[in-house]
Amino acid sequence: MKRLTLMVLLLLLAYFGLHIYFIWQPAGKPAEFNQQIIDANVAGTKVFPAIQAYDIDQIAGRSEILNGRSIKAPLLKERLKSAISSGYPITFREEEINAWLSKRVALEQEGLFASYVTASHVWVDFKPDEIEIIIERELPNKQSHMTSLFMKFERAKNGFSISRHASHIGQVRAPGGFARLIMPAFNSLAEELSEELKLYKNDAGQLKIFDIKVEEGKITLDPRRPEERSS
(Lines give C-alpha, C1' and ligand atoms only; values in the text may rest on other atoms or scores of the structure.)
Protein backbone atom coordinates (compact mmCIF):
# COMPACT_ATOMS: atom_id res chain seq x y z
CA MET A 1 0.00 0.00 0.00
CA LYS A 2 2.86 2.39 0.83
CA ARG A 3 4.54 1.67 -2.50
CA LEU A 4 1.27 2.18 -4.34
CA THR A 5 0.66 5.46 -2.53
CA LEU A 6 4.20 6.62 -3.31
CA MET A 7 3.79 5.70 -6.96
CA VAL A 8 0.51 7.63 -7.19
CA LEU A 9 2.13 10.67 -5.58
CA LEU A 10 5.07 10.51 -7.97
CA LEU A 11 2.73 10.26 -10.95
CA LEU A 12 0.76 13.25 -9.71
CA LEU A 13 3.95 15.26 -9.21
CA ALA A 14 5.12 14.34 -12.72
CA TYR A 15 1.71 15.27 -14.15
CA PHE A 16 1.64 18.69 -12.51
CA GLY A 17 5.34 19.22 -13.16
CA LEU A 18 4.73 18.70 -16.86
CA HIS A 19 2.05 21.39 -16.80
CA ILE A 20 4.41 23.80 -15.05
CA TYR A 21 6.93 23.18 -17.84
CA PHE A 22 4.29 23.99 -20.47
CA ILE A 23 3.23 27.14 -18.60
CA TRP A 24 6.61 28.62 -19.57
CA GLN A 25 6.52 27.55 -23.20
CA PRO A 26 6.30 30.24 -25.91
CA ALA A 27 3.35 30.93 -28.17
CA GLY A 28 3.24 29.84 -31.79
CA LYS A 29 4.13 26.49 -33.31
CA PRO A 30 5.19 24.06 -30.55
CA ALA A 31 8.52 22.22 -30.56
CA GLU A 32 8.35 18.60 -31.75
CA PHE A 33 8.41 17.17 -28.20
CA ASN A 34 5.70 19.59 -27.08
CA GLN A 35 3.51 18.67 -30.04
CA GLN A 36 3.84 14.98 -29.21
CA ILE A 37 2.67 15.67 -25.65
CA ILE A 38 -0.21 17.82 -26.91
CA ASP A 39 -1.29 15.06 -29.32
CA ALA A 40 -0.91 12.18 -26.84
CA ASN A 41 -4.18 10.27 -26.48
CA VAL A 42 -5.59 6.99 -25.27
CA ALA A 43 -8.53 5.57 -27.22
CA GLY A 44 -9.15 8.96 -28.78
CA THR A 45 -9.11 10.84 -25.47
CA LYS A 46 -6.34 13.35 -24.86
CA VAL A 47 -4.02 12.49 -21.99
CA PHE A 48 -3.26 16.15 -21.29
CA PRO A 49 -6.35 18.13 -22.41
CA ALA A 50 -5.22 21.35 -20.72
CA ILE A 51 -1.97 21.49 -22.71
CA GLN A 52 -2.68 23.41 -25.91
CA ALA A 53 -0.59 25.43 -28.34
CA TYR A 54 -1.30 29.16 -28.51
CA ASP A 55 -2.08 30.47 -31.99
CA ILE A 56 -0.56 33.96 -32.31
CA ASP A 57 -2.19 34.54 -35.70
CA GLN A 58 -5.67 34.67 -34.13
CA ILE A 59 -4.97 38.20 -32.82
CA ALA A 60 -6.20 40.64 -35.46
CA GLY A 61 -3.78 43.45 -36.23
CA ARG A 62 -0.90 42.12 -34.11
CA SER A 63 1.41 41.30 -37.02
CA GLU A 64 0.79 44.66 -38.71
CA ILE A 65 1.35 46.62 -35.49
CA LEU A 66 4.58 44.80 -34.61
CA ASN A 67 5.89 45.28 -38.16
CA GLY A 68 5.17 49.00 -38.09
CA ARG A 69 2.34 48.93 -40.60
CA SER A 70 -0.25 51.57 -39.87
CA ILE A 71 -3.63 50.68 -38.40
CA LYS A 72 -5.62 53.76 -37.47
CA ALA A 73 -6.37 53.72 -33.76
CA PRO A 74 -9.90 54.93 -32.99
CA LEU A 75 -10.61 57.88 -30.72
CA LEU A 76 -12.21 55.35 -28.42
CA LYS A 77 -12.94 57.55 -25.43
CA GLU A 78 -14.38 60.39 -27.51
CA ARG A 79 -16.48 58.12 -29.73
CA LEU A 80 -17.87 56.20 -26.75
CA LYS A 81 -18.74 59.44 -24.94
CA SER A 82 -20.60 60.63 -28.02
CA ALA A 83 -22.46 57.32 -28.35
CA ILE A 84 -23.55 57.45 -24.69
CA SER A 85 -24.71 61.06 -24.84
CA SER A 86 -26.56 60.53 -28.14
CA GLY A 87 -27.95 57.10 -27.24
CA TYR A 88 -26.77 54.93 -30.12
CA PRO A 89 -24.74 51.67 -30.28
CA ILE A 90 -21.13 51.78 -31.42
CA THR A 91 -19.01 48.98 -32.90
CA PHE A 92 -15.22 48.57 -32.79
CA ARG A 93 -13.24 46.03 -34.80
CA GLU A 94 -10.67 43.85 -33.06
CA GLU A 95 -7.72 45.34 -34.94
CA GLU A 96 -8.90 48.85 -34.04
CA ILE A 97 -8.92 48.04 -30.33
CA ASN A 98 -5.49 46.41 -30.60
CA ALA A 99 -4.10 49.49 -32.36
CA TRP A 100 -5.58 51.67 -29.61
CA LEU A 101 -4.13 49.47 -26.85
CA SER A 102 -0.67 49.54 -28.44
CA LYS A 103 -0.70 53.34 -28.15
CA ARG A 104 -2.56 53.65 -24.86
CA VAL A 105 -0.89 51.06 -22.60
CA ALA A 106 2.78 51.01 -21.64
CA LEU A 107 3.59 47.80 -19.77
CA GLU A 108 6.22 47.26 -17.11
CA GLN A 109 7.20 43.83 -15.82
CA GLU A 110 7.45 43.63 -12.04
CA GLY A 111 8.10 40.93 -9.48
CA LEU A 112 10.45 37.95 -9.39
CA PHE A 113 10.65 37.53 -13.16
CA ALA A 114 11.37 41.16 -14.06
CA SER A 115 15.00 40.28 -14.87
CA TYR A 116 14.04 37.45 -17.20
CA VAL A 117 10.98 38.58 -19.17
CA THR A 118 9.73 41.85 -20.64
CA ALA A 119 6.04 42.76 -20.72
CA SER A 120 5.55 44.12 -24.22
CA HIS A 121 1.92 44.33 -25.41
CA VAL A 122 -1.74 43.99 -24.51
CA TRP A 123 -4.16 42.54 -27.06
CA VAL A 124 -7.77 41.44 -27.31
CA ASP A 125 -9.35 38.62 -29.31
CA PHE A 126 -13.10 38.75 -29.91
CA LYS A 127 -15.07 35.54 -30.31
CA PRO A 128 -18.88 35.09 -30.13
CA ASP A 129 -19.92 36.15 -26.61
CA GLU A 130 -16.31 36.04 -25.40
CA ILE A 131 -13.39 38.44 -24.98
CA GLU A 132 -9.87 37.15 -24.50
CA ILE A 133 -7.59 39.77 -22.89
CA ILE A 134 -3.96 38.93 -23.62
CA ILE A 135 -0.67 40.10 -22.12
CA GLU A 136 2.33 39.35 -24.31
CA ARG A 137 5.78 39.06 -22.81
CA GLU A 138 9.16 38.60 -24.44
CA LEU A 139 11.28 35.72 -23.17
CA PRO A 140 15.11 35.94 -23.01
CA ASN A 141 15.41 34.13 -26.35
CA LYS A 142 13.14 36.74 -28.05
CA GLN A 143 10.18 34.35 -28.18
CA SER A 144 6.68 35.51 -27.25
CA HIS A 145 4.92 34.23 -24.14
CA MET A 146 1.16 34.75 -23.79
CA THR A 147 -0.95 35.04 -20.64
CA SER A 148 -4.64 35.56 -21.20
CA LEU A 149 -7.97 35.81 -19.44
CA PHE A 150 -11.27 34.73 -21.04
CA MET A 151 -14.34 36.77 -20.18
CA LYS A 152 -17.69 35.18 -21.05
CA PHE A 153 -20.71 37.37 -21.86
CA GLU A 154 -24.19 36.04 -21.15
CA ARG A 155 -26.74 38.21 -22.94
CA ALA A 156 -30.35 38.44 -21.80
CA LYS A 157 -33.41 40.54 -22.56
CA ASN A 158 -32.68 42.93 -19.71
CA GLY A 159 -28.91 43.22 -20.13
CA PHE A 160 -25.88 41.01 -19.73
CA SER A 161 -23.53 39.38 -17.24
CA ILE A 162 -19.78 38.82 -17.39
CA SER A 163 -17.90 35.86 -15.93
CA ARG A 164 -14.25 34.90 -15.86
CA HIS A 165 -14.37 31.34 -17.14
CA ALA A 166 -10.86 30.36 -18.27
CA SER A 167 -7.26 31.42 -18.68
CA HIS A 168 -4.35 30.48 -20.93
CA ILE A 169 -0.77 30.60 -19.69
CA GLY A 170 2.01 29.64 -22.06
CA GLN A 171 0.76 26.40 -23.59
CA VAL A 172 -1.72 25.54 -20.82
CA ARG A 173 -5.42 26.39 -20.86
CA ALA A 174 -6.89 26.28 -17.37
CA PRO A 175 -10.36 26.72 -15.81
CA GLY A 176 -11.37 30.11 -14.48
CA GLY A 177 -10.36 29.34 -10.91
CA PHE A 178 -6.70 29.18 -11.92
CA ALA A 179 -6.95 32.76 -13.20
CA ARG A 180 -6.25 33.89 -9.63
CA LEU A 181 -2.58 33.14 -10.35
CA ILE A 182 -2.43 35.82 -13.03
CA MET A 183 -5.01 38.32 -11.74
CA PRO A 184 -2.49 40.83 -10.27
CA ALA A 185 -1.27 41.70 -13.79
CA PHE A 186 -4.83 42.10 -15.10
CA ASN A 187 -5.86 44.12 -12.04
CA SER A 188 -2.96 46.48 -12.78
CA LEU A 189 -4.19 46.75 -16.36
CA ALA A 190 -7.68 47.64 -15.13
CA GLU A 191 -6.18 50.36 -12.92
CA GLU A 192 -4.26 51.75 -15.90
CA LEU A 193 -7.49 51.92 -17.92
CA SER A 194 -9.60 53.26 -15.04
CA GLU A 195 -10.50 56.48 -16.89
CA GLU A 196 -11.88 54.55 -19.84
CA LEU A 197 -13.76 52.16 -17.54
CA LYS A 198 -15.55 55.14 -15.96
CA LEU A 199 -17.44 55.41 -19.24
CA TYR A 200 -18.91 51.96 -18.53
CA LYS A 201 -20.23 52.93 -15.07
CA ASN A 202 -20.58 56.24 -13.27
CA ASP A 203 -19.09 57.03 -9.86
CA ALA A 204 -22.18 55.62 -8.15
CA GLY A 205 -21.72 52.28 -9.91
CA GLN A 206 -24.71 52.76 -12.20
CA LEU A 207 -24.40 51.36 -15.70
CA LYS A 208 -23.95 53.61 -18.71
CA ILE A 209 -23.63 50.69 -21.14
CA PHE A 210 -26.66 48.39 -21.01
CA ASP A 211 -25.70 45.81 -23.61
CA ILE A 212 -22.43 44.42 -24.96
CA LYS A 213 -22.49 42.16 -27.98
CA VAL A 214 -19.27 40.33 -28.83
CA GLU A 215 -18.98 38.71 -32.24
CA GLU A 216 -16.14 37.26 -34.29
CA GLY A 217 -13.64 40.11 -34.67
CA LYS A 218 -15.81 42.92 -33.29
CA ILE A 219 -17.60 44.29 -30.25
CA THR A 220 -20.72 46.48 -30.01
CA LEU A 221 -21.45 48.65 -26.97
CA ASP A 222 -25.03 49.85 -26.56
CA PRO A 223 -25.98 52.63 -24.10
CA ARG A 224 -29.71 52.22 -24.75
CA ARG A 225 -31.92 50.62 -22.14
CA PRO A 226 -33.85 47.52 -23.30
CA GLU A 227 -37.11 49.44 -23.67
CA GLU A 228 -35.37 51.99 -25.91
CA ARG A 229 -34.31 49.43 -28.50
CA SER A 230 -36.50 48.53 -31.42
CA SER A 231 -35.37 44.89 -31.30
Peptides 220-228, 148-156, 63-71 ordered by average Cβ neighbours within 10 Å, highest first: 148-156, 220-228, 63-71
Compute a Gaussian network model of the chain, connecting alpha carbons closer than 10 Å, and tell me which residue from LEU199, LEU181, LEU76 fluctuates the most. LEU181
Alpha-carbon Rg/Rh ratio, for the stretch 142-191, with Rh computed the Kirkwood way: 1.07
Residue by residue, what Karplus-based ³J(HN,Hα) values in Hz, rounded to whole numbers, does the stretch 214-223 have, using 6.51, -1.76 and 1.60 with θ = phi - 60° and x for Gly and Pro? 10, 10, 4, x, 7, 9, 10, 10, 10, x
Pick from VAL105, VAL124, VAL47: which residue has the top mean-square fluctuation in a GNM of the chain where Cα pairs under 10 Å get a spring? VAL47
Compute the helix-to-body angle for 2-23: its Cα long axis versus the longest principal axis of the chain, expressed 0 to 90° and rounded to tens. 40
For TRP123, TRP24, TRP100, write out the residues from largest to smallest accessible area, computed with a 1.4 angstrom probe and no ligands counted. TRP24, TRP100, TRP123
Just the accessible area per residue of the stretch 91-152, please: how many Å² with a 1.4 Å probe? 48
Heavy atoms only, probe 1.4 Å: what % of the accessible area of the stretch 145-192 goes to carbon and sulfur, would you let me know? 53
Please compute the per residue accessible area over the stretch 1-87 with all protein chains in place, 1.4 Å probe, rounded to a whole number of Å². 71
Collect residues whose amide H, placed 1.01 Å from N in the peptide plane, falls under 5 Å from the amide H of PHE210; neighbours closer than 5 in sequence don't count. ASP222, ARG224
At a 1.4 Å probe, what is the % contribution of carbon and sulfur to the accessible area of the stretch 1-119? 60
Length-normalised contact order of the stretch 22-80 in % [C-alpha pairs under 8 Å, at least 6 apart]: 27
With the radius of gyration and the Kirkwood radius both derived from the Cα set of the chain, what is their ratio Rg to Rh? 1.03
Taking only Cα atoms and a 10 Å spring cutoff, compute GNM fluctuations for the chain and point out the largest among ASP57, ASP211, ASP129. ASP57
With just the Cα atoms defining each centre, how far is the stretch 1-66 from the stretch 87-155? Give it in Å. 22
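The values are calculated or read from the model by the stated rules, or taken from the named source; none is laboratory data. In this text, all values refer to a predicted model and were calculated from it rather than measured experimentally. No Cβ is skipped: glycine too gets one built from the backbone with ideal geometry, and neighbour counts run over all protein chains shown. These area figures cover heavy atoms from the full protein model, side chains too; ligands, DNA and RNA do not enter into them. Shrake-Rupley method; radii C 1.70, N 1.55, O 1.52, S 1.80 Å.
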